[in-house]
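> My questions all concern the structure below.
The values are calculated or read from the model by the stated rules, or taken from the named source; none is laboratory data. Here the structure is a predicted model, which is why all the values come from computation and not from measurement. Positions of Cβ are generated from backbone atoms using ideal geometry, with glycine treated the same way; all protein chains shown enter the neighbour counts. Areas reflect the complete protein model, heavy atoms only, side chains present, ligands, DNA and RNA absent. Shrake-Rupley method; radii C 1.70, N 1.55, O 1.52, S 1.80 Å.
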Amino acid sequence: MESISVTELNNIIKSVLDLSLAKNIAVFGEVSGVSTKAGHAYFTLKDKDSSLQCNCFSYSRTYLPKDGESIIAYGAVDYWTKGGRLNFNVKTIEPAGKGLLFLEFERLKARLSAEGLFEAAHKIPIPKYCKNMLVITSKEGAVIRDIVTTVRRKNPLIDIVVKDVRVQGAQAVKDIVSALTAADKLGYDVIVVARGGGSLEDLAPFYDEGIVRAVYAMSTPVVSAVGHETDFSLCDFAADARAATPTAAAELVAYDYYELRRKIIDSMRRIKTLTDYALNSRVSAFKLAGRQLGSRLTERLQRSQSRIKMLKLRAETALNKNADLKGKAARLNVTATRMTETLKKNVSEKEHALSKLNTALDNLNPARILSSGYFRLTDGLGVDIKGVKGLKPGDGIVAVGHDGRAEATVNKVKKGVENPR
Amino acid sequence: MEFEKLLNELEGVVKKLESGANLDESIELFKKGIGLSRDCIANLNQSKGRILALTDEMNNVTAELKLDD
């Protein structure tokens with residue numbers, strides 16, 4: 001088997017101890033063999049079966065116990081490698097009766113925990129942006145001032161309502177339980193139960209089963225801020241959130257109004273930028289579409305207009321062609337002319353016929369015959385002589401010419417016709 | 001009466017006249033022809049006026065369409 005040095009072994013033991021034990025342990029026991037040297041105290045802590053070597057450096061900061069006194073020693077296990085000894089380095093000592101109280105608390109805690117009062121599943125989330133808060137604490141002291149100051153530093157809007165209760169002594173549990181129960185019906189966003197640090201006895205009400213059950217039963221979120229950072233009360237375990245100090249509770253509950261405001265303003269700016277961009281791009285697209293539509297419409301309109309013009313022209317042309325006023329006028333004119341011409345012709349034909357008849361008639365005019373050298377013969381009585389029959393020589397006859405008359409006597413009568421030429 | 005009917009009638013009168021009527025008949029036909037011619041011209045003028053009015057109306061309608069821009 002391989003061997004290791006003492007130092008190596010001690011170092012291993014120390015590292016195992018460091019790893020496996022908490023740095024802050026509370027040990028209950030009876031003190032014996034107290035000795036002091038250069039401000040440090042050394043003693044043994046024991047119960048009926050075991051003992052533990054304890055060192056307390058600078059005991060004046062805490063409490064120097066006497067032999068036979070029961071104490072709770074808060075500290076950490078340390079392995080002194082040089083001497084190969086295990087010591088309990090005590091930081092804080094609490095005397096006697098407190099030890100019993102502490103044990104009682106531990107038993108109560110175990111019982112309530114087994115009952116499920118501290119389970120995470122039961123816890124109600126603290127609202128991220130609460131509008132109001134109820135602080136159940138004493139009006140006296142720094143606690144309420146610290147809470148108000150801290151909340152106001154972050155947020156000017158949250159309503160802070162304070163319910164003044166006794167946080168110490170016999171009446172404290174009753175006060176706090178009734179304050180919690182009454183407040184649960186009032187619709188607060190969050191309730192803070194707060195108390196400054198103090199001794200275990202001072203904090204005793206916050207280890208009370210009544211308060212623990214009241215906190216557990218709340219339907220309003222409860223923040224517990226009891227004592228200082230190292231103090232854990234049962235109220236802390238039952239609450240929906242635990243703050244190490246009242247100031248921390250205020251930090252936890254109040255949202256940062258100024259930060260939120262800045263974020264909102266930033267977001268609004270971004271939204272505006274984005275919407276402006278989106279709007280502008282859509283507006284340009286719309287304008288473009290509008291222009292395209294417009295030019296298409298104009299084009300179509302122009303096409304329609306020229307079609308209408310063409311149709312109008314065709315209609316007018318067709319109307320004029322069908323009406324054919326000139327043709328009709330011409331036809332009428334031709335017909336009228338024909339009529340006039342025909343009438344003229346008819347009249348002139350009649351005139352011509354008449355004139356021929358006149359001429360013929362004229363030719364038959366006795367005066368016209370006489371004027372061409374013929375004479376009309378009558379007997380003495382004026383009876384026309386139509387032939388030689390009845391005439392005998394010696395008969396007196398009258399010859400009438402166109403310019404006068406001559407009386408003559410028949411010399412000779414000879415019958416038969418002779419050619420006058 | 002329709003222009004064509006009037007004109008046909010006038011042509012009938014002229015044909016009769018051409019076929020050689022006696023003078024009195026001719027004069028009567030001519031007189032009738034003058035009446036028919038007058039009716040024809042009146043009809044023609046009326047048509048002309050109506051066509052002008054319709055063309056005007058057409059121009060007004062198309063002007064409303066703002067054809068000439």
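> Among A:VAL165, A:VAL383, A:VAL34, which one shows the biggest mean-square fluctuation in a GNM of chain A, springs joining Cα atoms closer than 10 Å?
In this elastic network of chain A, the residue with the biggest mean-square fluctuation among A:VAL165, A:VAL383, A:VAL34 is A:VAL383.
> Also: In the neighborhood of A:ALA323, defined by Cβ-to-Cβ distances under 10 Å, what is the net charge if each Lys or Arg adds +1 and each Asp or Glu adds -1?
Details: positive: A:LYS321, A:LYS326, A:LYS328, B:LYS48, B:ARG50; negative: A:ASP324.
Net charge around A:ALA323: +4.
> Return the single residue from A:VAL135, A:VAL398, A:VAL223 with maximal mean-square fluctuation; model: Gaussian network over chain A, springs between Cα atoms under 10 Å.
Answer for the Gaussian network model of chain A: A:VAL398.
> Ok, one more. Work out from phi, with θ = phi - 60° and the Karplus expression 6.51 cos²θ - 1.76 cosθ + 1.60, the ³J(HN,Hα) of each residue of the stretch A:77-93, listed in order in whole Hz, and give x for Gly and Pro.
My calculation for the stretch A:77-93 gives 7, 10, 9, 8, 5, 4, x, x, 10, 9, 10, 9, 7, 8, 9, 10, 10 Hz in order.
> So, one more: For A:ARG195, enumerate residues with amide H under 5 Å from its amide H, sequence gap 5+ or separate chain, H modeled in the peptide plane.
So A:ARG195 has HN proximity to A:ALA225, A:VAL226, A:GLY227.
> OK, next. Assuming 1.567 mPa s and 4 °C, estimate D for the stretch B:3-64 with Stokes-Einstein, Rh taken as the Kirkwood radius over Cα pairs, in µm²/s. Let's see the in-between values first.
Numbers: Rh = 13.6 Å.
In µm²/s, the coefficient is 95.
> Still on this structure, I have one more. Using alpha-carbon positions, what is the distance between the centroids of the stretch A:321-342 and the stretch A:253-309, in Å?
With the stretch A:321-342 and the stretch A:253-309 each reduced to a Cα centre, they are spaced 73 Å.
> If you don't mind, another one. For a bin width of 20 Å, list the pair-distance distribution of the protein assembly as shown built from all Cα-Cα distances, rounded to whole %.
Going from the shortest bin to the longest, the percentages are 14, 18, 12, 7, 7, 8, 8, 7, 6, 6, 4, 2, 0.
> Turning to a different aspect of this structure: Which residues of the stretch B:13-35 bury at least 30 Å² of accessible area once all protein chains are present, versus their chain alone (1.4 Å probe)?
Buried by 30 Å² or more upon assembly, which counts only protein chains, are B:VAL14, B:LEU17, B:GLU18, B:LEU23, B:PHE30.
> Across the stretch A:143-212, what fraction of all alpha-carbon pairs, as a whole percent, falls in each successive 5 Å bin from zero upward?
The distribution over the stretch A:143-212 is 3, 14, 24, 23, 18, 12, 6, 0, given as percents.
> Considering the options B:VAL61, B:ILE34, B:ALA21, tell which one lies farthest towards the positive end of the dipole of chain B, charges being +1 on Lys and Arg and -1 on Asp and Glu at the Cβ, about the Cα centre.
B:ALA21
> For the stretch A:105-255, with all protein chains present and a 1.4 Å probe, just round the carbon and sulfur fraction of the accessible area to a whole percent.
Numbers: 3680 of 6820 Å².
Reported share for carbon and sulfur atoms: 54 percent.
> Related question: When all protein chains stay in place, what accessible area (Å², nearest 10, 1.4 Å probe) is found for A:MET310?
Around 110 Å² of this residue is reachable by solvent.
> Work out how much length A:ALA367 to A:ASP395 would gain on full extension: take 0.36 nm times their residue separation and subtract the Cα-Cα distance, in nm to one decimal. Don't skip to the answer; put the middle values down first.
Details: separation 28, 0.36 × 28 = 10.08 nm, distance 2.56 nm.
Going from the current span to full extension adds 7.5 nm.
> Please report the buried accessible area for the interface of A with B, total over both chains, probe 1.4 Å, in Å² to the nearest 100.
Working: alone 28620 and 5980 Å², together 32000 Å².
Separately minus together, A and B give about 2600 Å² buried.
> Give A:LYS48/A:LYS82; A:LYS46/A:LYS82; A:LYS23/A:LYS163; A:LYS263/A:LYS287; A:LYS128/A:LYS185; A:LYS356/B:LYS32 a once-over and call out the pairs whose C-alpha atoms are over 27 Å from each other.
Numbers: A:LYS48/A:LYS82 30 Å; A:LYS46/A:LYS82 24 Å; A:LYS23/A:LYS163 38 Å; A:LYS263/A:LYS287 35 Å; A:LYS128/A:LYS185 21 Å; A:LYS356/B:LYS32 30 Å.
A:LYS48/A:LYS82; A:LYS23/A:LYS163; A:LYS263/A:LYS287; A:LYS356/B:LYS32, as the Cα separations exceed 27 Å there.
> Under a GNM of chain A (C-alpha, springs under 10 Å), which listed residue has the highest mean-square fluctuation: A:LYS356, A:LYS312, A:LYS109?
A:LYS356
> Still on this structure, please answer the following. Can you tell me the orientation of helix B:23-64 relative to chain B, as the angle in degrees between its alpha-carbon axis and the longest Cα principal axis, to the nearest 10?
Once rounded, the angle reads 0 degrees.
> Same structure, new question: Can you give me the pair-distance distribution of the stretch A:1-152, C-alpha pairs, 10 Å bins, whole percents?
Result returned by the calculation: 9, 24, 24, 22, 15, 5, 1, 0.
> Given the pairs A:LYS328/B:LYS15; A:LYS345/B:LYS48; A:LYS386/A:LYS415; A:LYS109/A:LYS131; A:LYS344/B:LYS15, which span a C-alpha to C-alpha distance of over 24 angstrom in this model? Write out the running numbers ahead of the final one.
Details: A:LYS328/B:LYS15 18 Å; A:LYS345/B:LYS48 34 Å; A:LYS386/A:LYS415 13 Å; A:LYS109/A:LYS131 33 Å; A:LYS344/B:LYS15 14 Å.
Flagged as over cut-off: A:LYS345/B:LYS48; A:LYS109/A:LYS131.
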